[in-house]
Amino acid sequence: MNNYKYFEQDGEKYHLKAQFVFIAFLGGIFLLGGLLLAFTKGSADKAVMWIGYAMALLGALVLLRLTTKTTIDMENRQILFKRHFLTSEVAYSLDNFDTFVVASTVSLFGITMNGAVNMVLNINGKEKLLMLNQSIFTVAPLNNMVNEALQIMKLED
């Protein structure tokens, strides 16, 4: 039984650990900032109030990401993916796996502002992207997570 930093092993199932700190911080900032903006400055200006409500809604949607569940089931050779608690779990065959994509957004001064890792599946000739993780300021943890996933999926020695 291996110890993984980004996955928890449960028999032949590997559950991707949630990014509680990053997502809760980001979602909380938008939710609280939006509500604060809507109920303070928004009482005098309706446009600011609606901007505050939109920020709060965006924060709530980000917080929904905390309930995402991704599982690599090696016994059934499936990837089980659930976007959030309002959706049902979807099973994808590992035979449809194509690659991982680590994408980053770099600012004007060469600082990585956002990074995301997606799993690319080829289902009946159509490309399907499953977002697994995000990070800010660096993509090194995302590359390490991809290496662990490849090791679990037995695609890399």
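The values are calculated or read from the model by the stated rules, or taken from the named source; none is laboratory data. Nothing here was measured: the structure is a model prediction, and the numbers come from that model. Here the Cβ is made from the backbone with ideal geometry for all residues, glycine too, and neighbour counts use every protein chain on show. Only protein heavy atoms, including side chains, enter the accessible area calculation; ligands, DNA and RNA are left aside. Shrake-Rupley method; radii C 1.70, N 1.55, O 1.52, S 1.80 Å.
The table for this structure:
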read-out	value
Surface accessible to a 1.4 Å probe, Glu8 within the full protein complex, Å²	100
With DNA, RNA and ligands ignored, accessible area of Val21 (1.4 Å probe; Å², nearest 10)	120
Cleavage-rule hits, chymotrypsin sites (Phe, Trp or Tyr not before Pro), the range 18-116, DSSP coil, Cβ neighbours within 10 Å at most 16	Phe85, Phe109
Cβ-based charge dipole, the chain, positive-most Cα from Met119, Met131, Ala91	Met131
Accessible area of Thr40 in the full protein assembly, 1.4 Å probe (Å², nearest 10)	70
All lysines inside 19 Å of Lys13 as judged from Cα atoms, apart from same-chain residues fewer than 8 positions distant	Lys5, Lys69, Lys82, Lys154
FRET E, pair Leu64, Thr105, Förster distance 30 Å, beta-carbon r, rounded to 0.05	0.85
Inter-probe distance in nm under a simple model that places probes 7 Å from Cα toward Cβ, at Leu32 and Ser93	4.8
Met145, Met74, reordered so the largest accessible area comes first (probe 1.4 Å)	Met74, Met145
Anisotropy class of the range 1-144 from Cα gyration tensor, a/c 1.5 cut	prolate
Cα gyration tensor category, rounded, prolate or oblate, for the range 64-124 with a/c compared to 1.5	oblate
Span-rule helices in the chain, defined as complete DSSP H runs reaching 20 Å or more along the axis (Cα) with Kyte mean at least 1.0	20-39, 46-64
Electrostatic dipole magnitude of the chain [Cβ: Lys, Arg +1; Asp, Glu -1; Cα centre; debye, to 20]	620
